[in-house]
Amino acid sequence: MEFRIIKSPSAGTLDILKQRMKATAVSAMDGADAVGLVQGRMIEMICAADIAEKAVGVAVEDVRGSCPQNMIMIAIFGDTSSVESAIQEIKRKLEEGKNIC
């Protein structure tokens, strides 16, 4: 899996994400001052989304792409500390090697 955190994303960055998300998911961006991006296999992304939402008060949305290797990306929206905590919790669970979200 790959991880990135964008603090105070620019309007252009948010526009790119809006174009790649469902129209109904765009509201997740409202009030978010950070976005965490996580890319990996579908099974990993579903578990990562579950871990993030259970760990802290963040919103997680699927970001559509056209990757032939079945890699997908999720965006984690929230305040900076919550997004950082969500990413850390995902990494911690991966390091533990748990197969249960």
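So what are the ³J(HN,Hα) numbers for segment 18-25, from phi and the Karplus equation (6.51, -1.76, 1.60; θ = phi - 60°), rounded to whole Hz, Gly and Pro as x?
Per residue, the Karplus-derived 3J(HN,Hα) values read 4, 5, 9, 10, 4, 4, 6, 8 Hz.
Considering all projection directions equally, how large on average is the shadow of the alpha-carbon convex hull of the chain, in square nanometres?
6.0
Could you size up the charge dipole of segment 2-96 around its Cα centre, putting +1 on the beta carbon of Lys and Arg and -1 on that of Asp and Glu, and report it in debye to the nearest 20?
The calculated dipole for segment 2-96 is roughly 260 debye.
For the chain, build the charge dipole from Cβ charges (+1 Lys, Arg; -1 Asp, Glu) around the Cα centre, then report which of 9, 58, 19 sits farthest towards its positive end.
Working it through, the farthest residue towards the positive pole turns out to be 19.
Read the figures in this text as sums done on the coordinates, not as results from a lab. Values in this document were obtained by computation on a predicted structure and should not be read as measured data. All Cβ positions, even for glycine, are placed from backbone atoms using ideal geometry, and neighbour counts span all protein chains on display.
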